[in-house]
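This report concerns only the one structure given below.
Read the figures in this text as sums done on the coordinates, not as results from a lab. Computed from a prediction, not measured in an experiment: that's the story for all the values here. Positions of Cβ are backbone-derived with ideal geometry, glycine not excepted, and every protein chain shown enters the neighbour counts.
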Amino acid sequence: MAGNQLPNNGQTRDDEEAATRKSKDIMANGGHTESHELLDWRQPDARNTEEEEGEERERLLDPSFPDDDDLELHEVGPGRATSFDSEAAAKANEEDSPYEEVRAAVRNFDEDLPCSSIRAWTIGLSLTFVGAALNTLFSLRAPSIGIGPLIAQIVAWVMGRLWERVVPEKQVTLFGVKCELNPGPFNIKEHSIIVVMASVSFSVAYATDIILAQLVFYKQNFGIIFQLLIVISTQSLGYGIAGIMRKFLVYPASMIWPNTLVAIALMNAMYETHLIKDPTIVGGNMSRYRWFGLVTVLSCVYYFIPGFLAQFLSVTAVATWLAPQNAVINQIFGGTTGLSLIPITFDWTQVAGYVGSPLIVPWHAIANTLIGVVVFFVGLTSFLHYTGAWYSQFLPMSDASTYDNAGAIYNVSRVLTPDFTLDERAYQSYSPLFIRLVTLGREHRGTIWAQYQNSTHEKPDIHMKLMRKYKEAPLWWYTSLFLIVLTLSLIAVLFYPTNLTWWAFLLAVLIAFVFSLPIGIVEAITSQEIGLNVLTEFIYGYIQPGRPLALMLFKTYGYITMSQALSFVADLKFGHYMKIPPRTMFMAQVVATTISCFIQVAVLNFALANIDGVCDITQPQRFTCPGGRVFFSASVVWGLIGPARVFSPGQIYSGLLTFFILGAVTPVIIYLAAKRYPRSPVKYLMAPLIFGGAGNIPPATPLNYLSWGVVGYIFQSVIKKRYFGWWSRLNYLTSAGLDLGLAIGTIIIFLAFTLHNIEPPRWWGNTVVTTTLDYQGKAIQVVLPPGQTFGPEVW
């Protein structure tokens, strides 16, 4: 832990310095010294013209920004100060965020608490070991199960309280420095550091699928060093980008990052010290943490009904029950492979499983996503499908698989040579590729430029002011780490026979860097991230076809680097809201990420060596490696067959290229219309969400998005407007309780029933679902007799 050691009282030097300052010092206008990283931020007494200019850009950037002309930071009323029920709230400043979502979850004051203590690091790293190992192991299984940061947040609270009571209060020497083994009561900042470690380490590295595809399917083994290089580099390369993007995606108040607010609301509820009742709302007579616990228990118990006992409640497609063998009915009303025209579900897994909780996402973002789902996945898909475009009558309506000209799953082994390259003659004698494609939109350049300019003009909000007392993590820390990891990446790519050229690798990194800002802006406002996986496959499949391993690496360095960068930025915003010293945040993120990489590679190799029949379809415990199998198939489709044989002029799906033009033109039209009619509903339209918000289809279905939209409308529009007191107090905690209860219920069912091959009860409520063509994946209008084919005669 060089550069961030633990002084005598169990805190970092950052914490010591913070403890010597008073809150009033940092609140004085102009009475403080900013770090060099924040020199571009204007003081509150900057010129009015600059403030107004920044605020106007803020309005254009975020439709949820207040419409009123008075944009002074909100004054805290009696109810607001007690919403977190903390003694420190009495000393809270009278300034608050201009965003009601932030005001509902984040405290507008800071407390001088130990943060980087032995206790926090020990618990955080212990959970890193356990979470990374279990998630890596379970990722090899179908169905898979994962342990998320929300569970870590609860477990860490228990471990911290036990440490507080059991561990003796004594000093120990660590790295030559004396520090406290038990620095006192377990506090919210220590807890926050632990959650950050869990957040960066619990997700299974995307590169593990490359290792699986290599070892299991391509029968290539470059050794453990290569595996460590690609896992560490793909997981950590995004830190440099995250450090550069702080100015645009972390510091501005308009960059809300709604996904962080649930963990913050729960964190604050855990540390409430006084109960302030509000009998005017449901649940107002109990503490917020008790409400969260009640929702968690109810969600956990309830999930046993749609998840095991009565599975018809999960996908309540009544029309398909009445006509289970009617292909058209199953296509239109089915919830598994159909359009789910009447989206009915009573299962939180269907609502939030693929898209995330709708209680977090702002309503304008939900509405934009729903527009895209209805227009493209219901309207346009129905039109194209029932007019026979692209031979769709021979294929399922909504499906993630690829097909041959007999309507069967495409058999990639038939077009592979022994060296795992494309066998041209076998390809010509077998079949062209038939797919279902998801359209992706492009970010609006005007919005990007507005945020770039706004980053140096927008007024600091209360949270930015409070963070000024902490030393920034210098930019050179991030750039140095970036250069080190970039070097490791080049070693992995060039010193091993990956077939990925140096310039193609740098192109992948450039794609990740360029797209981080526009996609980061969208995610910071809407909590919806637009992936680059298909785009990177498309680009590399054209520039260097016939290189499947190189394609997997290009896709990972182009897509995951950006995704990891934005994940790190979100954690930085979480630390910003929780008032964690930036240097402590940097160390916690980097250390936990690096350790988790070693753990994941070790567990993956242990599983491959010790689980009999691992990655085989018939493996008894279902360790069939679904992620690696899909990754392998994608590498064959995009790396061997390549997009040129699928999308180029004269090929089957060449018409889909027109959507690139549509995706480029639509944002410009929306921007010009919003400028011409600034008070019209057009200002709420966001082309990236309309085109790319439903990017999880497939494997997600319209049922997931439509039910998500209905619930989101109820909570984020109706309840928020009519019952704002309940929404501001309990909405985010309700979301956390529903998610945690579902996770616990899923784990219990998995351990108690699935692992022991115990089937759900056989009765009508469970069997009626399995009899439909929708469930069986056979809702196809024209089923060819054996020996017949469809499609072009020449390809």
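Observations
- Cα shape, region 249-293, gyration tensor, a/c 1.5 rule: prolate
- Across Lys471/Lys555; Lys247/Lys469; Lys471/Lys573; Lys219/Lys778; Lys189/Lys555; Lys555/Lys778, pairs whose alpha-carbon gap is larger than 25 Å: Lys471/Lys555; Lys219/Lys778; Lys189/Lys555; Lys555/Lys778
- Counting other Cβ atoms within 10 Å as a rough exposure proxy, the listed residues Val297, Val351, Val204 run Val297, Val204, Val351 from fewest neighbours to most.
- In this structure the amide hydrogen of Phe434, modeled in the peptide plane, comes within under 5 Å of the amide hydrogens of Tyr403, none closer than 5 places in sequence on its chain.
- For region 345-419, chymotrypsin sites (Phe, Trp or Tyr not before Pro) meeting the loop criterion (DSSP other than H, G, I, E, B) and having at most 16 other Cβ atoms within 10 Å: Phe346.
- Counting neighbouring beta carbons within 10 Å and listing from fewest to most, the residues Ile244, Ile539, Ile525, Ile491 come out as Ile491, Ile244, Ile539, Ile525.
- Among 758-771, 174-187, 703-716, the peptide with the highest mean count of other Cβ atoms within 10 Å heads the list, and the full ranking is 703-716, 174-187, 758-771.
- Summarised as an ellipsoid, region 280-389 has semi-axes of 34, 20, 9 Å, derived from the eigenvalues of the Cα gyration tensor scaled by 5 and square-rooted, with the largest first.
- Packing, as the average of other Cβ atoms within 10 Å across residues, places the peptides 650-662, 229-241 in the order 229-241, 650-662, highest first.
- Listing Ile484, Ile193, Ile697 from fewest to most neighbouring C-beta atoms within 10 Å gives Ile484, Ile697, Ile193.
- Taking a ≥ b ≥ c as the square roots of the eigenvalues of the Cα gyration tensor, an a/c ratio of 1.5 or more together with a/b no larger than b/c marks region 201-325 as oblate.
- When the square roots of the Cα gyration tensor eigenvalues are ordered a ≥ b ≥ c, the ratio a/c for region 660-785 is 1.5 or more and a/b does not exceed b/c, which makes its shape oblate.
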